[in-house]
Amino acid sequence: MISGFNVQWDEIDLTPYENRDTVYSFDADELVFVGTPVYGGHIPIVAENRIKLLKGNNTPIVLVVTYGGIHYSNALYELQQIVSPNGFTTIGAAAVVAEHNVVGKIASGRPNIQELTAISAFSNRVFSKTLQTNNLKNVFIKRNMPISLRNKYPAVPYGNKKCINCGVCAKQCPVKAIDNPRKKAYQACIRCMRCIKYCPRNARTFSKMIMVGVRLLLSFTSRSVENQPAFFL
């Protein structure tokens, strides 16, 4: 969102397990963008715990969530509730469609060119907003659906016969749920699919029976919707 602007910026990755307890502080003259994926319409609990370690001082913040084409539900609302008590003022928010992390055919190729153009325009408006006034206020983000329980997929990934025990999956896991790459992840697994994405041998997988059911359910759910990015300013 900010790569096209002539400003100094730093990127902080909260994903690594080693960063789980790191506190980051920001001043009023800084602008923070915080982004997270959506899990079942919610902010992942692990992401919530790490975002809570961000500390502001009347610091303007822009909230961004990505979701796999079905619905972001209350994720932006939840994210605002997480950052507001920590000294941040939400001056903008965006929910962006991206390829589903379980069923890649859902929202494949998104965000597309038109959506990237809309995101760029949103970024321009955000920066203009910060320059126009010193009295920044929280944007209103409503609840889109009744709050439901956070859920998990009923399986954890494991290494198949292609696994060469290189350890990339264990290194990339944000919750240290992988001890032996050739065996199932621990129940601490949050089903983020990061190990599957980064495995150089395509050796991480789920139970075929369970995944068939999950893919059918998600594919059926996504047929009736063609969601577009949502922006709040």
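What single numbered condition from (1) surrounded by 15 or more Cβ atoms within 10 Å (Cβ to Cβ); (2) part of a loop (DSSP other than H, G, I, E, B); (3) out of contact with any strand residue (DSSP E or B) (no Cβ under 7 Å at 6 or more places or on another chain) fails to hold for residue 184?
Here residue 184 clears every test but (3).
Name the residue, out of 142, 161, that is assigned to a loop (DSSP other than H, G, I, E, B), at pLDDT 90 or above, basic (Lys, Arg) and over 16 Å from residue 194 (Cα atoms). Before the answer, list the steps.
Values: 142 fails: at pLDDT 90 or above.
Checking each option against the conditions leaves just 161.
Taking the condition free of Cβ contacts under 8 Å to residues at least 12 places away in the same chain and farther than 22 Å from residue 193 by Cα, does residue 136 pass?
Details: free of Cβ contacts under 8 Å to residues at least 12 places away in the same chain: no; farther than 22 Å from residue 193 by Cα: yes.
Taking the combined requirement at face value, the residue does not satisfy it.
Here's a check for you: in the range 187-212, which residue that is outside any loop (DSSP other than H, G, I, E, B) and of a type in the set (Val, Ile, Thr) is nearest to residue 15 (Cα to Cα)?
The initial filter retains those residues of the range 187-212 that are outside any loop (DSSP other than H, G, I, E, B), namely 194-198, 204-205, 208-212.
Those left that are additionally of a type in the set (Val, Ile, Thr): 196, 205, 210, 212.
Working: 196: 15, 205: 21, 210: 27, 212: 28 Å.
Looking at the filtered set, the residue picked out is 196.
Which is touching a Ser or Thr at 6+ places or on another chain (Cβ under 9 Å) and either among the aliphatic types (A, V, I, L, M) or not assigned by TED's automatic domain parsing to the domain that holds residue 135 (or both), of 106, 45?
Values: 45 fails: touching a Ser or Thr at 6+ places or on another chain (Cβ under 9 Å).
Unique residue meeting the criteria: 106.
Criterion first (more than 30 Å from residue 32 (Cα to Cα), at pLDDT 90 or above and surrounded by 16 or more Cβ atoms within 10 Å (Cβ to Cβ)) does residue 199 satisfy it? Explain how you work it out, then say what you get.
Numbers: more than 30 Å from residue 32 (Cα to Cα): yes; at pLDDT 90 or above: yes; surrounded by 16 or more Cβ atoms within 10 Å (Cβ to Cβ): yes.
The answer is yes for residue 199.
Quickly run through the range 42-85 and pick out the residues that are within 23 Å of residue 31 (Cβ to Cβ), in contact with a helix residue (DSSP H, G or I) (Cβ under 9 Å, 6 or more places away or on another chain) and part of a loop (DSSP other than H, G, I, E, B).
Those that are within 23 Å of residue 31 (Cβ to Cβ), in contact with a helix residue (DSSP H, G or I) (Cβ under 9 Å, 6 or more places away or on another chain) and part of a loop (DSSP other than H, G, I, E, B): 43, 52, 53, 56.
Against the definition (within 12 Å of the chain's Cα centre (by Cα), among the hydrophobic types (A, V, I, L, M, F, W, C) and buried (at least 20 other Cβ atoms within 10 Å of the Cβ)), how does residue 93 come out, yes or no?
Answer is no for this residue.
Identify all residues within the range 102-133 that are in contact (Cβ under 8 Å) with a residue 60 or more places away in the chain and over 17 Å from the mean Cα position of the chain (by Cα); write none if there are none.
Going through the range 102-133, the residues in contact (Cβ under 8 Å) with a residue 60 or more places away in the chain turn out to be 102-103, 105-107, 111, 115, 118-120, 122-123, 125-127, 129-130.
Listed by number, the residues that qualify are 105, 115, 118, 120, 122, 123, 125, 126, 127, 129, 130.
The values are calculated or read from the model by the stated rules, or taken from the named source; none is laboratory data. These figures come from a predicted structure and were not determined experimentally. Reconstructed Cβ throughout: ideal geometry from the backbone, glycine too, with neighbour counts over all protein chains shown.
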